[in-house]
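Notes for the one structure printed next.
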Amino acid sequence: MIRTVPTKPYSDQKPGTSGLRKKVPVFQQEHYAENFIQSIFDALDGFKGKTLVIGGDGRFYNREVIQKAIAMAAANGFGKVMVGQGGILSTPAASHVIRKYKTFGGIILSASHNPGGPHEDFGIKYNAGNGGPAPEKLTDAMFAKTKAISSFRTADIDPIDIDTIGTVEAAGMAVEIIDPVADYAELMESLFDFDALRKLFKSGFRMRFDAMHAVTGPYAKEILENRLGAPNGTCRNFKPLPDFGGHHPDPNLVHAKHLYDEMMGPDAPDFGAASDGDGDRNLIIGKGIFVTPSDSVAMLAANARLAPGYRAGLKGIARSMPTSGAADRVAEKLGIGIYETPTGWKFFGNLLDADMATICGEESAGTGSNHVREKDGLWAVLLWLNILAARGESCKQIVTEHWATYGRNYYSRHDYEEVESDRANALIDELRARLGALPGTNVRGMTIASADDFAYHDPVDGSTSEHQGIRVLFEGGSRVVFRLSGTGTSGATLRVYIERYEPDKSRHDLDTQAALADLIAAADDIAGIRSHTGRAKPSVIT
Ligand code: VG1
Ligand code: CO
């Protein structure tokens, strides 16, 4: 029943910011998925007889790869796999299942916010026994295995019925099909004041949650409508579809514009939210106000004690380097640690495991806490709701009050998508070569105080990660950051992050792009964005 199948290496299986992501036709090449899955197993040690969690975001090719992964897990000696019913497990739910049942680790099939379908994106990532994304050391080891692989192990078994809850046997291994929502919903119930939330909805509070036809639909329906009594219709686009209904499951101001427009409209609900393909991102829009993700982390941290799960306070806050400094001011006021990590959730794992950080966040709409080891879209939504219920104020009031107390970090990210890789690399290389010469120079009336290529020294395991983004800091604290995306599947995406701190309360209601106009122009002067990319403007502005 167990077979060793000869195979040839592919040279392009290097995991990026969050796992391996490629177009579906790339994954459909002979043995492409098998090679990567075997390389994951080959990079791990000591899993014989142990349990592996398997699930995905329901996108095109999910079911096929789940069957492959089950057969390969059996052939490689796992004792059991736990699979989300229908092949569904959101990224945070998978993280929770891995932790709750003390399993060896898990495979999550997702390309997250990237589009899905026969010609769109697919992805595979591995999470370790702490529930968190494989650290760099492990992804490097996997990549090394993909380059040397000569065979993989699989079992000749009939396809497993992954739609029926229960346990079956496959080539000597137990296959348990689990309810993908139950454990996660129970965890949320343990962290938040569900009674207060029920009262909130009962009082007529109106909310719109857009699941974007991605994985959070079943979770949001169960928690918001079934358990919290939000009216039927609160959740939109809640049925996971293999192609996300033809849209990008990316909850930003471009792909969730309909939600934004509704929230800015005359009959806006009180609160709007959305999540991405695999359920780890969140978009938060109050009635008449968009909450920028960097602000959201800061505001959630500042108010976390209002939720039962965080009543004891926070140990520390961690944010990715390009995320604005709004959270730093909260940490300072609370007298707790603040940590600045490279982009990608894998860098938060050690800080969370060591109990140095409780809440973490990224500017890309990822927020989470030590309840799992991934960012968690619905968690952020529920914490916001808990804060709204406890304070009895609107989202807009909470945001403006926060700015008045801490000052406002005007912040925006400009993405230039699908730029030719050579041109994007040239921009970064040239900038890197000029870093030493930048300090002291004057750009548009602003003086550059320092410039560097961000390197992270993990305070827990002592590892170093270099080349994590180029930072240009101006006197007075404003900054621009440049980095290339590690999640795209065609060409290169240049991300430019722009930030300016404004302490003056009378200047907190400016238009963000206008407030940042001089820095946006300076970023182009410094890096030659237009000339290098050939683009007059960004593809996405958040
Ligand atoms: C992007 C975001 C990063 C996030 C990553 C995975 O990475 O910038 O903050 O952790 O996506 O998110 P990059 O390398 O493209 O900038 V998800 O929700 O796509 O797993
Ligand atoms: Co995601």
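Quick note: the coordinates plus some simple rules give every number you see, no bench work behind them. Values in this document were obtained by computation on a predicted structure and should not be read as measured data. Cβ placement follows ideal geometry from the backbone for every residue including glycine, while neighbour counts extend to all protein chains displayed.
Which of the trypsin sites (Lys or Arg not before Pro) found in segment 152-226 are in a DSSP loop and have at most 16 neighbouring Cβ atoms, other than their own, within 10 Å?
Arg206
Given an 8 Å cut-off on Cα distances and at least 6 residues of separation, report the relative contact order of the chain as a percent.
That works out to 13 percent.
Using Cβ contacts closer than 10 Å as the measure, can you line up Thr216, Thr343, Thr405, Thr487 from fewest to most?
Ordered from fewest to most neighbouring Cβ atoms within 10 Å, Thr216, Thr343, Thr405, Thr487 come out as Thr405, Thr487, Thr343, Thr216.
Can you compute the charge dipole magnitude of segment 200-337 about its Cα centre, using +1 on each Lys and Arg Cβ and -1 on each Asp and Glu Cβ, nothing else charged? Give it in debye, rounded to the nearest 20.
Value, rounded to 20: 560 debye.
Exposure proxy check: Val443, Val291, Val297 ranked by fewest other beta carbons within 10 Å? Don't jump to the answer; show the numbers that get you there.
Values: Val443 19, Val291 23, Val297 30.
The order, fewest Cβ neighbours first, is Val443, Val291, Val297.
Could you work out the helix-only [θ] at 222 nm for the chain, with each DSSP H run of four or more residues adding -39,500 (n - 2.57) and the total divided by the number of residues, to the nearest 500 deg cm²/dmol? Display every interim value, and only then the final one.
Values: 18 runs with 171 residues, N = 542.
That comes out to -9000 deg cm²/dmol.
What net charge is computed for the residues neighbouring Gly204, neighbours being all others with C-beta under 13 Å from the C-beta of Gly204, Lys and Arg scored +1, Asp and Glu -1?
Working: positive: Arg198, Lys199, Lys202, Arg206; negative: Asp270.
Here the charged neighbours net out to +3.
Reachable aspartates and glutamates from Lys396, Cα under 13 Å, same-chain residues fewer than 8 places away excluded?
The reachable aspartates and glutamates, counting only those whose Cα sits under 13 Å from Lys396, are Asp270, Asp295, Asp509.
Compute the distance from the alpha-carbon center of segment 456-530 to that of segment 34-50, in whole Å.
38 Å
How large is the dipole of segment 93-146 about the Cα centre if only Lys and Arg carry +1 and Asp and Glu carry -1, each at its Cβ, rounded to the nearest 20 debye?
380 debye
By the scheme Lys and Arg +1, Asp and Glu -1, what is the net charge of all other residues having a beta-carbon under 14 Å from that of Thr4?
On the way: positive: Arg3, Arg153; negative: Glu34, Asp42, Asp156.
Spelling it out: positives minus negatives among the neighbours equals -1.
Return the subset of Lys125/Lys537; Lys80/Lys100; Lys333/Lys505; Lys22/Lys68; Lys80/Lys221 for which the Cα-Cα distance in this structure is over 21 Å, preserving the input order. Numbers along the way, then the final one.
Numbers: Lys125/Lys537 33 Å; Lys80/Lys100 15 Å; Lys333/Lys505 18 Å; Lys22/Lys68 17 Å; Lys80/Lys221 30 Å.
In this structure, Lys125/Lys537; Lys80/Lys221 lie more than 21 Å apart at Cα.
Can you give the convex hull volume of the alpha carbon atoms of segment 39-113 per residue, in Å³?
Here the figure is 87 Å³ per residue.
Work through the residues other than Ser465 whose Cβ is under 13 Å from its Cβ and net out their charges, Lys, Arg +1 and Asp, Glu -1. Numbers along the way, then the final one.
Working: positive: Lys137, Lys346, Arg483; negative: Glu136, Asp140, Glu340, Asp453, Asp458, Asp461, Glu466.
Summing Lys and Arg as +1 and Asp and Glu as -1 gives -4.
Restricting the count to DSSP beta bridges whose residues both fall in the chain, what percent are antiparallel, rounded to a multiple of 5?
Counting only bridges with both partners in the chain, antiparallel ones make up about 70 percent.
Take the alpha carbon gyration tensor of the chain, find the square roots of its eigenvalues, order them as a ≥ b ≥ c, and report rounded if a/c is under 1.5; if not, report prolate when a/b exceeds b/c, else oblate.
oblate
Going highest first, how would you order 161-168, 248-255 by mean Cβ packing within 10 Å?
Highest to lowest by the protection proxy: 248-255, 161-168.
Going by C-beta contacts inside 10 Å, put Thr51, Thr493, Thr400 in order with the fewest on the left.
Numbers: Thr51 23, Thr493 20, Thr400 17.
The order, fewest Cβ neighbours first, is Thr400, Thr493, Thr51.
Students often check this: by mean Cβ neighbours within 10 Å, which of 387-398, 81-92 ranks highest, and how do the rest follow?
My ranking of the peptides, most packed first, is 81-92, 387-398.
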